[in-house]
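Everything below concerns the one structure shown next.
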Amino acid sequence: MYEQRPGVWAAVVDLGWIEGKRKRKYVYAKCEAEAVRKRDELRRQFQRGVDLTAQPRTLEAWLTEWLRDVKAHDGTRPSTLVRYRLAVGKHLVPGLGRVKLDRLTPRDVQRFLTGLRGKLAPASIITVHAVLRVALADAERMDPVPRNVAKAAKPPALGRAARPHSRGSQDAAVGADR
């Protein structure tokens with residue numbers, strides 16, 4: 001822990017020797033306490049097995065990999081894959097694709113969902129949110145991200161007329177393989 005320059009604190013986590021080179025991960029903050037918190041979070045991630053040396057990737061890169069390498073081979077029905085690809089290509093990539101996966105926040109997701117209001121029906125926004133939530137759940141399970149930030153965002157409520165008549169029809173619209 002050290003003050004790199006006035007008002008900027010740095011902390012480092014030693015990741016050990018990887019491929020013959022010493023690897024370290026640095027975090028920066030405006031105060032010492034925040035730098036300590038960030039360093040401790042990095043240590044927890046490292047202890048859980050998160051690959052801190054991996055190059056940060058965008059949400060677009062993860063969604064592309066997720067559709068190609070995970071969902072295409074895990075028994076997801078072809079019709080569900082079509083809906084996933086549509087939500088990813090038409091809404092998620094244009095809206096959030098450039099955001100680094102490890103920097104995506106619940107606020108980013110909430111702003112994105114709010115921005116879809118007026119452009120899409122509430123049921124469609126719920127479907128797009130569900131696809132993002134499923135993709136980030138797989139990312140959390142596979143360790144590219146420490147938590148699923150889409151869980152914290154709230155999609156719009158369905159109006160009485162827009163509600164499906166049964167729970168089964170809603171699962172079919174979103175894809176029951178969560």
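The set of residues in segment 41-69 that are loosely packed, with under 13 Cβ neighbours inside 10 Å and outside any loop (DSSP other than H, G, I, E, B) comprises ARG44, GLN47, ARG48, ARG68, ASP69.
Being assigned by TED's automatic domain parsing to the domain that holds VAL12 and small (Gly, Ala, Ser): is that true of ALA87 here? For ALA87, the condition - assigned by TED's automatic domain parsing to the domain that holds VAL12 and small (Gly, Ala, Ser) - is not met.
For segment 70-95, how many residues are within 16 Å of the chain's Cα centre (by Cα) and closer than 13 Å to HIS129 by Cα? Number of matching residues: 7. Of all residues in segment 78-102, those that are in contact (Cβ under 8 Å) with a residue 24 or more places away in the chain and surrounded by 12 or more Cβ atoms within 10 Å (Cβ to Cβ) total 14. Residues in segment 58-68 that are of a type outside the set (Val, Ile, Thr) and either more than 14 Å from LEU136 (Cα to Cα) or in contact (Cβ under 8 Å) with a residue 40 or more places away in the chain (or both): LEU59, ALA61, TRP62, LEU63, TRP66, ARG68. Total residues in segment 3-15 satisfying the condition of being free of Cβ contacts under 8 Å to residues at least 24 places away in the same chain and either exposed (fewer than 10 other Cβ atoms within 10 Å of the Cβ) or polar (S, T, N, Q) (or both): the figure is 3. Among the residues of segment 40-70, the one identified as farther than 22 Å from GLY16 by Cα and modelled with pLDDT under 90 is ARG57. Going by the structure shown, is GLU34 outside the structural domain of LEU136 (by TED's automatic domain parsing) and either under 17 Å from the mean Cα position of the chain (by Cα) or not aliphatic (A, V, I, L, M) (or both)? It is true that GLU34 is outside the structural domain of LEU136 (by TED's automatic domain parsing) and either under 17 Å from the mean Cα position of the chain (by Cα) or not aliphatic (A, V, I, L, M) (or both).
Is segment 113-136 home to any residue that is at pLDDT 85 or above, out of contact with any helix residue (DSSP H, G or I) (no Cβ under 9 Å at 6 or more places or on another chain) and closer than 30 Å to ASP40 by Cβ? No, segment 113-136 contains no residue that is at pLDDT 85 or above, out of contact with any helix residue (DSSP H, G or I) (no Cβ under 9 Å at 6 or more places or on another chain) and closer than 30 Å to ASP40 by Cβ. Among the residues of segment 93-128, the ones that are of a type outside the set (Ser, Thr, Tyr) and assigned to a helix (DSSP H, G or I) come to 22 in all.
The values are calculated or read from the model by the stated rules, or taken from the named source; none is laboratory data. None of these values were measured; they are calculated from a predicted model. Glycine also receives a Cβ, built like all others from the backbone with ideal geometry; neighbour counts cover every protein chain displayed.
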